[in-house]
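Report on the following structure.
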Amino acid sequence: VISSEGTEGAKFRLSGKGVDQDPRGIFKINEITGDVSVTRTLDREAIANYELEVEVTDISGKTIDGPVRLDVSVIDQNDNRPMFKEGPYVGHVMEGSPTGTTVMHMTAFDADDSSTDNALLRYNILKQTPTKPSPNMFYIDPEKGDIVTVVSPVLLDRETMETPKYELIIEAKDMGGLDVGLTGTATATILIDDKNDHPPEFTKKEFQATVKEGVTGVIVNLTVGDRDDPATGAWRAVYTIINGNPGQSFEIHTNPQTNEGMLSVVKPLDYEISAFHTLLIKVENEDPLIPDIAYGPSSTATVQITVEDVNEGPVFHPNPMTVTKQENIPIGSVVLTVNATDPDTLQHQTIRYSVYKDPASWLEINPTNGTISTTAILDRESLHVQNNVYTALFLAIDSGNPPATGTGTLHITLEDVNDNVPSLYPTLAKVCDDAKDLRVVVLGASDKDLHPNTDPFKFELSKQSGPEKLWRITKLNNTHAQVILLQNLKKANYNIPISVTDSGKPPLTNITELKLQVCTCKKSKMDCSASDALHISMTLILLSLFSLFCKSFP
């Protein structure tokens, strides 16, 4: 640096980034001569330019010239190798692609000055693995970095390759590819993608299967071969039954692991209807075949299925069986004659019958002809009867070895008969001896039978002895009546015989004693202790004597 000022004692002073600002101490200036020098190695990739200022000062430090700007540019040196920063590099190309198909693009980065040859890159393939079917399967554009195929579509056949994966060692060299240039490398992985150019083919034209009648499930696995990629829809098989399945008894599904066709029976087969079945099955891929490939004869196969005979149990007709009977029919009455047939028509077996479940032990069955008759009185009111229906189960057993069994259900609807007397409630009542309200109790009646063998009920009070009547009964409705005292009574216990008659034909009557306690009532407390003698209706005594008299003289 030269100054026009020739003042004695003048000095040069340097300032700025790289001197007295970070990074400090990179540059210095000779105060006398004005020579500017560097103190350590510069890195253009870190800082390419420095803006400094130079001024001249006198002995006192006062600026007498400047400051003036000093720009320092760092000249690039080729000290950075090309680098591939965007890896991993994976490309895909469809098998059979035309020559010149672009597979992928490679890009390297060089930190040197892009305006110089220091960062001028050229690309090259150093190595290809594997080297078959050709050691030069691919080419890379030296300037652009595009990788393209250079072999014919015939050689780019995934199914004939040693492996569908190729690895290329790619070199990037600066200095425009000159020998003096620095290099960097990266690995490019190229995958040959599959296309559906091979249809699936059955391993044989005919498959055999055997299945027992009445059984469902997988009966045979159909095997196929396909040279396409197992990870794609070009390999995965789809099976279809195209003939021989009018009753939809069979289904076929693909095993996702093995690609086999699992043929299943979904509706049980009947040996007596057909002992043999022949199915025609085709196989296709999930993905469509390429236009110039078609499914051939090997994509269809025949399955011959043999049905084995099994001893089947007899079948009741109908099942369940229903019949309506009156309860209380005589013991030995015929309820129904069942009918069971053996599905094994070719075996000419005999059938015998037996009782399986008879909850009330009311029935028996003729083992030969299937006639069901009663062994006890049928009672509609039994706990074994639900909603007027009694249910029993019977067995039909054939003569096979071992024998087979069929089960039939019988529902007997029982019609009601007036065989239950009505019952009276309550049977105990209490009243104060000084009561003003002499309506003692409301009585109700119930009957286990069904209408019309129940209400309306008839309530009657037995005749009372003595000169004065003590009580009377009044009907309230079809099921209830009220007992009323005609006068206050002394403290005692009274038994009042009351008869209740239902509406059945013929009607049934029940006589029930109502126990009436006449109690002493003081200060809202009722004392019903039976201190006085028990008063019993003479009518009940006379009825009891009359009953004994009748039994003694039939």
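The values are calculated or read from the model by the stated rules, or taken from the named source; none is laboratory data. Fair warning: this is a prediction, and the values are worked out from it, not measured in the lab. Cβ sites come from the backbone with ideal geometry, for glycine too, and all protein chains shown count toward neighbours. Just the protein is used for accessible areas: all its heavy atoms, side chains included, with ligands, DNA and RNA removed. Shrake-Rupley method; radii C 1.70, N 1.55, O 1.52, S 1.80 Å.
Rolling a 1.4 angstrom probe over the protein heavy atoms, how many square angstrom per residue are accessible across segment 423-522? Kindly include the intermediate steps, with their values, before the conclusion.
Numbers: 5340 Å² over 100 residues.
Heavy-atom accessible area per residue stands at 53 Å².
What relative contact order, as a whole-number percentage, does segment 1-159 give when Cα pairs under 8 Å and 6 or more residues apart are counted? Walk me through the intermediate numbers first.
Working: 264 pairs, mean separation 27.4, N = 159.
It rounds to 17 percent for segment 1-159.
Given H placed 1.01 Å from N in the peptide plane, which residues other than close sequence neighbours of GLU286 have an amide H under 5 Å from its amide H?
Distant-sequence amide H within range of GLU286: ARG236, VAL238.
Taking H placed 1.01 Å from N in the peptide plane, check which residues at least 5 places from ASP146 or on another chain put their amide H under 5 Å from its amide H.
MET106, ASP141
Do any trypsin sites (Lys or Arg not before Pro) in segment 141-223 lie in a DSSP loop with no more than 13 other beta carbon atoms within 10 Å, and if so, which?
Values: sites: LYS144, ARG158, LYS165, LYS173, LYS195, LYS204, LYS205, LYS212; in loops: LYS144, LYS195, LYS204, LYS205.
Those that pass, being in a loop and sparsely packed, are LYS144, LYS204, LYS205.
Once both labels are modelled 7 Å past Cα along the beta-carbon direction, what's the LYS490-LEU346 spacing in nm?
According to this spin-label approximation, the distance is 9.8 nm.
Taking +1 at the Cβ of each Lys and Arg and -1 at the Cβ of each Asp and Glu, which of ILE241, THR337, VAL154 sits farthest along the dipole of the chain towards its positive end, judged by Cα position relative to the Cα centre?
THR337
I'd like the accessible area for GLU513, computed on protein heavy atoms only with a 1.4 Å probe and all protein chains in place. Round to 10 Å², please.
70 Å²
Could you compute the FRET efficiency for ASN328 and VAL442, with r as their C-beta to C-beta distance and R0 at 30 Å, rounded to 0.05? Kindly include the intermediate steps, with their values, before the conclusion.
Details: r = 33 Å, r/R0 = 1.11.
It comes out at approximately 0.35.
Residue by residue, what Karplus-based ³J(HN,Hα) values in Hz, rounded to whole numbers, does segment 514-528 have, using 6.51, -1.76 and 1.60 with θ = phi - 60° and x for Gly and Pro?
For segment 514-528, the Karplus curve yields 8, 8, 9, 9, 8, 10, 8, 10, 9, 6, 6, 10, 10, 10, 10 Hz.
Net charge around ASP447, counting only other residues with Cβ within less than 15 Å of its Cβ (Lys, Arg = +1; Asp, Glu = -1)? Kindly include the intermediate steps, with their values, before the conclusion.
On the way: positive: ARG380, LYS448, LYS458, LYS505; negative: GLU327, ASP379, GLU381, ASP416, ASP419, ASP449, ASP455, ASP502.
Taking every other residue near ASP447 into account, the sum is -4.
Scan around TRP471 for amide H atoms under 5 Å from its own, H built in the peptide plane at 1.01 Å from N, and keep only partners 5 or more places away or cross-chain.
HN-HN under 5 Å from TRP471: LEU486.
Output ³J(HN,Hα) for segment 473-479: one whole-Hz value per residue in order, computed from phi by the Karplus curve 6.51 cos²θ - 1.76 cosθ + 1.60 with θ = phi - 60°, and x for Gly and Pro.
Calculated HN-Hα couplings, in order: 10, 10, 6, 9, 7, 5, 10 Hz.
Dividing the Cα radius of gyration by the Kirkwood radius, what Rg/Rh value follows for the chain? The partial results should precede the final answer.
Numbers: Rg = 57.2 Å, Rh = 38.2 Å.
Reported Rg/Rh, Kirkwood definition of Rh: 1.50.
Express the carbon and sulfur contribution to the solvent-accessible surface of segment 11-73 as a percent, rounded to the nearest whole number, probe 1.4 angstrom. Can you show the working numbers first?
Working: 1870 of 4000 Å².
Accessible surface attributable to carbon and sulfur in segment 11-73 totals 47 percent.
Among GLN128, LEU178, MET83, whose Cα sits farthest toward the positive end of the charge dipole of segment 80-200 (+1 at Cβ of Lys/Arg, -1 at Cβ of Asp/Glu, about the Cα centre)?
It is GLN128.
Tell me what the chain gives for mean residue ellipticity at 222 nm when only DSSP H runs of n ≥ 4 count, each as -39,500 (n - 2.57), the sum divided by the residue total, rounded to 500 deg cm²/dmol.
On the way: 1 runs with 15 residues, N = 554.
The helix-only estimate for the chain comes to -1000 deg cm²/dmol at 222 nm.
For every other residue with a beta carbon closer than 13 angstrom to the beta carbon of VAL154, add +1 if it is Lys or Arg and -1 if Asp or Glu, then tell me the sum.
Working: positive: ARG158; negative: GLU95, ASP157, GLU159, ASP197.
Net charge in that neighbourhood comes out at -3.
Ranking request for peptides 514-525, 117-128: highest mean number of other beta-carbon atoms within 10 Å first, then the rest in descending order. Write down the numbers at each step before the final one.
Working: 514-525: 14.4, 117-128: 17.8.
Highest-to-lowest ranking by the protection proxy: 117-128, 514-525.
Roughly speaking, what is the centre-to-centre gap between segment 122-167 and segment 212-263 when only Cα atoms are used, to the nearest Å?
39 Å
By how many nm would the segment from ASP287 to SER274 grow when fully extended, if each residue of separation counts as 0.36 nm and the alpha-carbon distance is taken off?
Numbers: separation 13, 0.36 × 13 = 4.68 nm, distance 3.73 nm.
Taking 0.36 nm per residue and subtracting the Cα distance, the gain is 0.9 nm.
Any chance you could run the full-extension gain for THR520 through LEU428? It's 0.36 nm times the residue separation minus the Cα-Cα distance, nm to one decimal.
Values: separation 92, 0.36 × 92 = 33.12 nm, distance 1.66 nm.
That pair, THR520 and LEU428, stretches by 31.5 nm at full extension.
With point charges of +1 on the Cβ of Lys and Arg and -1 on the Cβ of Asp and Glu, referenced to the Cα centre of segment 423-522, which listed residue (THR509, THR427, HIS480) lies farthest in the positive direction of the dipole?
Result: THR427.
Which of the lysines could a cross-linker bridge to LYS458, judged by Cα under 24 Å and excluding same-chain residues fewer than eight apart?
LYS430, LYS448, LYS469, LYS475, LYS505, LYS515
Go ahead and run the numbers for FRET between ASN319 and ASN255, Cβ-Cβ distance against an R0 of 45 Å, rounding to 0.05. It would help to have the intermediate numbers written out before the result.
Values: r = 39 Å, r/R0 = 0.88.
Efficiency computed from Cβ-Cβ geometry: 0.70.
Please tell me the relative contact order of the chain in percent, rounded to the nearest whole number, where contacts are Cα pairs under 8 Å and at least six residues apart. Please report the intermediate quantities before stating the final value.
Details: 1272 pairs, mean separation 41.4, N = 554.
Reported as a whole number, the value is 7 percent.
Place a label point 7 angstrom from the Cα of THR368 along the Cα-to-Cβ direction, then list the residues of segment 383-399 whose backbone nitrogen is under 20 Å away.
Zone members listed by number: 395-399.
Please report the net charge: other residues with Cβ closer than 13 Å to the Cβ of PRO497, K and R +1, D and E -1. It would help to have the intermediate numbers written out before the result.
Numbers: positive: LYS463, LYS515; negative: GLU460, GLU513.
Taking every other residue near PRO497 into account, the sum is 0.
Given a Förster distance of 60 Å, report the FRET efficiency between THR101 and ILE2 from their Cβ-Cβ distance, rounded to the nearest 0.05.
0.35
Rolling a 1.4 angstrom probe over the protein chains, ignoring ligands and nucleic acids, what is the accessible area of ILE29 in square angstrom, nearest 10?
30 Å²
Compute the angle between helix 538-552 and the longest alpha-carbon principal axis of the chain, please, reported from 0 to 90 degrees and rounded to the nearest 10.
Between the helix axis and the principal axis of the chain, the angle is about 80 degrees.
Treating cross-link reach as a plain straight distance, find the lysines whose alpha-carbon is under 30 Å from the alpha-carbon of LYS85, omitting any fewer than eight places away in the same chain.
Straight-distance partners of LYS85: LYS127, LYS132, LYS144, LYS165, LYS173.
Just to confirm, what accessible area per residue do you get for segment 94-182 at 1.4 Å probe, in whole Å²?
Details: 4500 Å² over 89 residues.
Accessible surface, normalised per residue, equals 51 Å².
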